[in-house]
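> Structure incoming, see below.
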Amino acid sequence: MADTPAPLPRDFYHRPTLEVARELLGCQLVVESEGERLIARITETEGYLGFLDSACHSSHGRTPRTEVMFGPPGHAYVYLIYGMYDMLNLVTEAVDEPCAVLVRAIEPVVGEATMIARRGGRRGRDTFNGPGKLTRALGISKATFNRHDLCRGEAIWLERGEPVADEDVIMGPRIGIDYARPEHRDAPWRLRVAPAQKRGR
């Protein structure tokens, strides 16, 4: 833990949401939990485009739940679904443009044993390939990290990783938003790193 954190700067998040969602692929999510630093590579994201996106929480206006999305970019928006799954989102764009990127999947880099233990000893491709799975593995919850400033380099932040080539990115519709209007439900705003066997090299 002696290394000085190099968190992504606020300017990284203060850009169009889909640009941020794309460039987050390959970045490293760092969480300091119970005296251990866990590091994971981001392999899947989804963009949520504020007022223009009927799948986005903030499209219904400012509420106590979505207040953080209206604030400065580079903060965590963590919410609970079904009373049991925490979802990590990264606030993007300008103040009062309430957009965010949902982190959907990761690959362990440092601390894999801890992550596996928190997932009940599960191993394999389905261990960290869902937003509720990865938050449980990394110890991320609404109570601990909602509204957290990701640019401070404390407790939870993101760092640059190895860039992902365009030919290795798969784009498609987002998941679990059947309530959204068709043009938003079917938009290719889910981005993921192609499995190794399908990559372009």
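> Considering only residues of segment 162-174 that are assigned to a loop (DSSP other than H, G, I, E, B) and out of contact with any helix residue (DSSP H, G or I) (no Cβ under 9 Å at 6 or more places or on another chain), which is nearest to Val103 (Cα to Cα)? Break it down stepwise before answering.
Applying the first criterion (assigned to a loop (DSSP other than H, G, I, E, B)) to segment 162-174 yields 162-165, 173-174.
Remaining after also requiring out of contact with any helix residue (DSSP H, G or I) (no Cβ under 9 Å at 6 or more places or on another chain): 162, 165.
Numbers: Glu162: 17, Ala165: 19 Å.
Top of the filtered list is Glu162.
> Do we find that Pro64 is touching a residue at least 12 places away in the same chain (Cβ under 8 Å) and part of a loop (DSSP other than H, G, I, E, B) in this structure?
Values: touching a residue at least 12 places away in the same chain (Cβ under 8 Å): no; part of a loop (DSSP other than H, G, I, E, B): yes.
When the stated conditions are applied, Pro64 does not pass them.
> Name the residue that is farthest from Pro188 (Cα to Cα), counting only residues in segment 54-72 that are out of contact with any strand residue (DSSP E or B) (no Cβ under 8 Å at 6 or more places or on another chain) and not polar (S, T, N, Q). Full working, then the answer.
Within segment 54-72, the first condition is being out of contact with any strand residue (DSSP E or B) (no Cβ under 8 Å at 6 or more places or on another chain), and the residues that meet it are 54, 59-64, 67, 70.
Right, trim to not polar (S, T, N, Q) and you get 60-62, 64, 67, 70.
Numbers: His60: 22, Gly61: 24, Arg62: 26, Pro64: 29, Glu67: 26, Phe70: 24 Å.
Filtering segment 54-72 for residues that are out of contact with any strand residue (DSSP E or B) (no Cβ under 8 Å at 6 or more places or on another chain) and not polar (S, T, N, Q), the one farthest from Pro188 (Cα to Cα) comes out as Pro64.
> Here is a further query. Any chance you could count how many residues in segment 4-54 are in a loop (DSSP other than H, G, I, E, B), within 18 Å of Val110 (Cβ to Cβ) and among the charged types (D, E, K, R)? If you could, list the steps in order and put the result at the bottom.
Taking segment 4-54 as the starting set, the residues that turn out to be in a loop (DSSP other than H, G, I, E, B) are 4-9, 14-16, 25-27, 34-35, 49, 53-54.
Now restrict to residues that are within 18 Å of Val110 (Cβ to Cβ): 4-8, 26-27, 34-35.
Then drop every residue that is not among the charged types (D, E, K, R), which leaves 34.
Total meeting the criteria: 1.
> Only one of these is touching a residue at least 60 places away in the same chain (Cβ under 8 Å) and among the small types (Gly, Ala, Ser): Ala155, Ala165. Name it.
Details: Ala165 fails: touching a residue at least 60 places away in the same chain (Cβ under 8 Å).
After applying the criteria, what remains is Ala155.
> Right, next: Confirm whether Arg185 is surrounded by 14 or more Cβ atoms within 10 Å (Cβ to Cβ), of a type in the set (Lys, Arg) and more than 14 Å from the chain's Cα centre (by Cα).
Yes, satisfied.
> Another question about this same structure. In the set Leu25, Leu88, Leu49, which member is buried (at least 18 other Cβ atoms within 10 Å of the Cβ), without any contact (Cβ under 8 Å) to a residue 60 or more places away in the chain and either touching a strand residue (DSSP E or B) at 6+ places or on another chain (Cβ under 6 Å) or closer than 21 Å to Glu162 by Cβ (or both)? Talk me through it step by step, then tell me what you get.
Numbers: Leu25 fails: without any contact (Cβ under 8 Å) to a residue 60 or more places away in the chain; Leu49 fails: without any contact (Cβ under 8 Å) to a residue 60 or more places away in the chain.
Every option except Leu88 fails the conditions.
> In addition: In this structure, is Leu191 in a strand (DSSP E or B), touching a Pro at 6+ places or on another chain (Cβ under 8 Å) and surrounded by 12 or more Cβ atoms within 10 Å (Cβ to Cβ)?
On the way: in a strand (DSSP E or B): yes; touching a Pro at 6+ places or on another chain (Cβ under 8 Å): no; surrounded by 12 or more Cβ atoms within 10 Å (Cβ to Cβ): yes.
It is false that Leu191 is in a strand (DSSP E or B), touching a Pro at 6+ places or on another chain (Cβ under 8 Å) and surrounded by 12 or more Cβ atoms within 10 Å (Cβ to Cβ).
We did not get these values from a lab; they are worked out from the coordinates using the rules stated. Given the structure is predicted, the values throughout are model-derived calculations rather than measurements. Here the Cβ is made from the backbone with ideal geometry for all residues, glycine too, and neighbour counts use every protein chain on show.
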